[in-house]
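Before any comments, here is the structure.
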Amino acid sequence: MNLASWGNYPKNKSKIFEFDKCSTLKWIVESNMDLIAYGNGRSYGDSALSRNTIRGKHHNFFLNFDQSSGLLHVRAGVVLSEILDIFVPKGWFLSITPGTKLITVGGAIASDVHGKNHHLNGCFSEYVK
């Protein structure tokens, strides 16, 4: 399958791996070289392109939310816009929001994105447990 990132260049021929449980993911990682995770395809350039790709977008599950602390537990495939759509009406907002809300949580962590408040609040990784 041909994959591309946000700029649609370069396009890269990649073998796509899907998984439904941790044991399958472990087997994929142990059995293949040059793997990279691919979420919503919003990375700049070729940072999420490889000849072997693990697709993570389908792992977009909300697992738990602690109303008192604001701690949200999600899978890596959740897109920031999905979090905002649910939690902004409840009075919550992400501490760090990059220029696009169309990236996955996994991509935000992998790229350690920052927002316009970087000089005050730092990067996304500073809010991940």
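Key figures for this structure:
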| item | result |
| --- | --- |
| Qualifying residue in region 33-41 (condition: part of a loop (DSSP other than H, G, I, E, B), on the phi < 0 side of the Ramachandran plot and among the small types (Gly, Ala, Ser)) | yes |
| Residue list for region 6-24, filter: of a type outside the set (Phe, Trp, Tyr), within 22 Å of Val74 (Cβ to Cβ) and out of contact with any strand residue (DSSP E or B) (no Cβ under 7 Å at 6 or more places or on another chain) | Asp20, Lys21, Cys22, Ser23, Thr24 |
| Region 109-127: number of residues that are without any contact (Cβ under 8 Å) to a residue 60 or more places away in the chain, among the hydrophobic types (A, V, I, L, M, F, W, C) and assigned to a helix (DSSP H, G or I) | 3 |
| Candidate set: region 59-76, residues that are over 11 Å from the mean Cα position of the chain (by Cα) and assigned to a loop (DSSP other than H, G, I, E, B); chosen: the one surrounded by the fewest Cβ atoms within 10 Å (Cβ to Cβ) | Ser68 |
| Within region 1-43, considering residues that are surrounded by 11 or more Cβ atoms within 10 Å (Cβ to Cβ), under 19 Å from the mean Cα position of the chain (by Cα) and of a type in the set (D, E, K, R), the one nearest to Asp112 (Cα to Cα) | Arg42 |
| Pairs with Cβ under 6 Å, 6+ apart, first in region 24-40 and of a type in the set (D, E, K, R), second at pLDDT below 95 | Asp34/Ser50; Asp34/Arg51; Asp34/Asn52 |
| Residue check for Asn2: touching an Asp or Glu at 6+ places or on another chain (Cβ under 9 Å) and farther than 23 Å from Lys129 by Cα | no |
| Condition met for Leu49 (among the aliphatic types (A, V, I, L, M), open to solvent by less than 50 Å² (accessible area, probe 1.4 Å) and over 12 Å from Val105 (Cα atoms)) | yes |
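The values are calculated or read from the model by the stated rules, or taken from the named source; none is laboratory data. The structure displayed is predicted, hence computed values, not measured ones. For neighbour counting, all protein chains shown are included, and Cβ atoms are generated from backbone atoms with ideal geometry for every residue, glycine included. All accessible areas refer to the heavy atoms of the entire protein, side chains included, with ligands and DNA or RNA removed. Shrake-Rupley method; radii C 1.70, N 1.55, O 1.52, S 1.80 Å.
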